[in-house]
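Have a look at the structure below, then the notes.
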Amino acid sequence: MAENQFDVAIIGGGPGGYVAAIRAAQLGLKTAVIERSHLGGICLNWGCIPTKALLRSAEIYHNMQNAEEYGLSAGKPGFDLAKIVERSRGVSKRLNGGVGHLLKKNKVTVLDGEAKLKAAGKITVTGKDAGEVSAKHIIVATGARPRVVPGIEPDKKLIWTYFEAMVPEKMPKTLLVIGSGAIGIEFASFYATLGADVTIVEMLPQILPVEDEEIAAIARKRFEKQGIKIMSSAKLENLKKGKDNVVASITDKDGKAHKITVDRVISAVGVVGNIENLGLEELGVKTDRGTIQIDGLGRTNIPGIYAIGDVAGPPMLAHKAEHEGVVCVEAIAGGHPHPVDKSKIPGCTYCTPQIASVGMTEKAAKEAGIAVKIGRFPFLANGKAIALGEPDGLVKTIFDAKTGQLLGAHLVGAEVTELIQGFVVAMNLETTEEELMHTVFPHPTLSEMMHESVLSAYGRAIHI
């Protein structure tokens with residue numbers, strides 16, 4: 001590849017990178033994406049999308065097992081693990097091709113190779129499309145990878161990261177999941193639904209540590225009811241690998257030692273940004289705890305170099321990366337976008353039950369010294385939830401008692417990952433409780449619980 005000159009060059013073709021590239025092209029900027037592996041990044045190929053395909057298979061299997069509750073008979077349900085995995089990989093492959101089509105449609109140049117910053121405005125590409133790339137603006141969107149903790153290094157056979165957990169060759173009868181964030185909980189839910197005996201070890205007192213305490217407690221009860229064993233405030237002392245199993249030594253919250261023998265272990269102790277071998281140090285780009293430091297427009301401390309997505313720090317979510325990419329290139333193009341407000345970025349966990357949240361938790365609001373009004377509405381009081389056979393869950397809303405500002409919303413239960421966007425829109429529009437109270441929600445729907453939760457915060461709930 002001869003030297004190519006671009007307005008914007010983006011290192012990484014994941015959700016942040018490819019979305020930024022498309023938006024840059026729409027704004028008339030000559031744009032290139034340099035990707036060393038798969039377009040769509042981890043999310044599309046090994047994260048968000050394929051895990052949702054796996055979880056959908058588990059959900060349908062669960063419903064088949066409980067068909068009699070709905071007056072149905074389907075015989076004895078079973079599953080083919082290889083076909084479940086095959087479907088998941090097929091979904092990713094289809095979307096991967098779609099990303100390539102979108103970039104081509106928008107006349108974005110895609111370069112296959114590994115990029116390294118040579119100097120301000122200069123990138124060296126090694127690999128299939130080796131050569132030099134010049135660009136006035138360079139956006140680093142290299143994503144993140146599983147964090148490796150000494151003593152529980154994944155070996156891809158007995159100790160898995162989410163990569164191996166997505167493509168199991170056989171179904172483990174027993175499974176230990178280390179970490180109870182979104183990744184750990186989703187895989188625990190998937191394998192438990194398909195019949196594995198699952199144990200979760202979490203060093204903190206609360207599972208789902210970033211969620212509201214009340215929501216996490218409800219989720220925990222549901223998980224334990226499903227047969228998942230949870231050890232919180234626990235310390236994993238060591239793992240001893242056998243021929244086809246692992247013995248885990250764990251100290252529980254009371255200081256009691258336990259030894260658990262399992263077929264497989266999933267390490268889900270977080271992720272770390274891919275900042276190595278990019279030339280960042282040589283150029284003086286500031287990093288902090290494995291991620292690149294940026295402002296609300298994606299700018300680093302070095303002019304002309306930007307970062308978006310997981311490599312730019314938490315929350316490490318695909319939709320956050322996409323939004324950061326759009327904001328970054330709109331600013332580059334001379335626009336005046338609003339800086340990214342992380343307090344209005346929703347988080348979703350697609351286990352059973354689903355969990356979704358945006359904004360401040362009750363604890364965070366009170367610690368900030370804000371007088372709050374709290375609204376709660378249970379799924380048990382909603383007609384659609386009962387009709388669906390999903391009566392367990394809660395919608396919780398948090399308002400500033402003085403101004404009526406919606407500070408946060410936290411949901412657990414069926415389809416809440418599809419409901420949360422209503423509260424996100426409301427927060428972005430700076431909606432008050434009065435406007436939400438006067439909004440007409442359709443009946444019968446799960447969304448009515450959102451309305452009732454708002455009413456509940458002000459002592460006006462109707463159906464409870």
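Can you spot a residue in the range 66-74 that is surrounded by 17 or more Cβ atoms within 10 Å (Cβ to Cβ) and either more than 30 Å from L103 (Cα to Cα) or among the hydrophobic types (A, V, I, L, M, F, W, C) (or both)? Looking through the range 66-74, none of the residues is surrounded by 17 or more Cβ atoms within 10 Å (Cβ to Cβ) and either more than 30 Å from L103 (Cα to Cα) or among the hydrophobic types (A, V, I, L, M, F, W, C) (or both). Exactly one of these conditions fails for K76: (1) at pLDDT 95 or above; (2) within 30 Å of A387 (Cα to Cα). Give me its number. Looking at each condition in turn, K76 falls short on (1).
Residue-wise test of (1) buried (at least 16 other Cβ atoms within 10 Å of the Cβ); (2) in the same structural domain as T124 (by TED's automatic domain parsing).
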{"position": "S233", "(1), (2)": "no, no"}
{"position": "K253", "(1), (2)": "no, no"}
{"position": "V262", "(1), (2)": "yes, no"}
{"position": "L280", "(1), (2)": "yes, yes"}
{"position": "T287", "(1), (2)": "yes, yes"}
{"position": "L297", "(1), (2)": "yes, yes"}
{"position": "I305", "(1), (2)": "yes, yes"}
{"position": "K320", "(1), (2)": "yes, yes"}
{"position": "E330", "(1), (2)": "yes, yes"}
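Under the condition of being over 18 Å from G121 (Cα atoms) and part of a helix (DSSP H, G or I), the residues counted in the range 13-26 number 8. Against the list (1) without any contact (Cβ under 8 Å) to a residue 60 or more places away in the chain; (2) surrounded by 15 or more Cβ atoms within 10 Å (Cβ to Cβ), the condition I60 fails is (2).
The residue that is nearest to V19 (Cα to Cα), among those in the range 103-130 that are outside any strand (DSSP E or B) and hydrophobic (A, V, I, L, M, F, W, C), is L103. From the list L436, L394, L407, the lone residue that is in the same structural domain as N382 (by TED's automatic domain parsing), under 18 Å from A371 (Cα atoms) and under 29 Å from the mean Cα position of the chain (by Cα) is L407. The criterion of at least 2 residues that are surrounded by 17 or more Cβ atoms within 10 Å (Cβ to Cβ), touching a residue at least 12 places away in the same chain (Cβ under 8 Å) and in contact with a strand residue (DSSP E or B) (Cβ under 8 Å, 6 or more places away or on another chain) is met by the following helices (runs of 4 or more DSSP H) wholly inside the range 376-464: 416-428, 433-437, 448-457. Of all the residues in the range 57-79, those that are farther than 22 Å from Y350 by Cβ and of a type outside the set (S, T, Y) number 9. Residues in the range 91-131 that are over 21 Å from Y306 (Cα atoms) and touching a helix residue (DSSP H, G or I) at 6+ places or on another chain (Cβ under 8 Å): 8 in all. Taking the listed residues P77, P150, the one that is free of Cβ contacts under 8 Å to residues at least 24 places away in the same chain, farther than 30 Å from K30 by Cα, surrounded by 13 or more Cβ atoms within 10 Å (Cβ to Cβ) and not small (G, A, S) is P77, with no other qualifying. Of all residues in the range 235-251, those satisfying the criterion of being basic (K, R) and either loosely packed, with under 13 Cβ neighbours inside 10 Å or in the same structural domain as F377 (by TED's automatic domain parsing) (or both) are K240, K243. Within the range 70-97, the set of residues being in a helix (DSSP H, G or I) and of a type in the set (A, V, I, L, M) comprises L81, A82, I84, V85, V91, L95. Checked against (1) in a helix (DSSP H, G or I); (2) among the β-branched types (V, I, T); (3) at pLDDT 95 or above, I10 passes all but condition (1).
Against the numbered list (1) surrounded by fewer than 16 Cβ atoms within 10 Å (Cβ to Cβ); (2) of a type in the set (G, A, S); (3) part of a strand (DSSP E or B), A32 comes up short only at (1).
The values are calculated or read from the model by the stated rules, or taken from the named source; none is laboratory data. Because the structure is a prediction, the values reported are computed rather than measured. We place every Cβ from the backbone using ideal geometry, glycine too, and count neighbours over all the protein chains shown.
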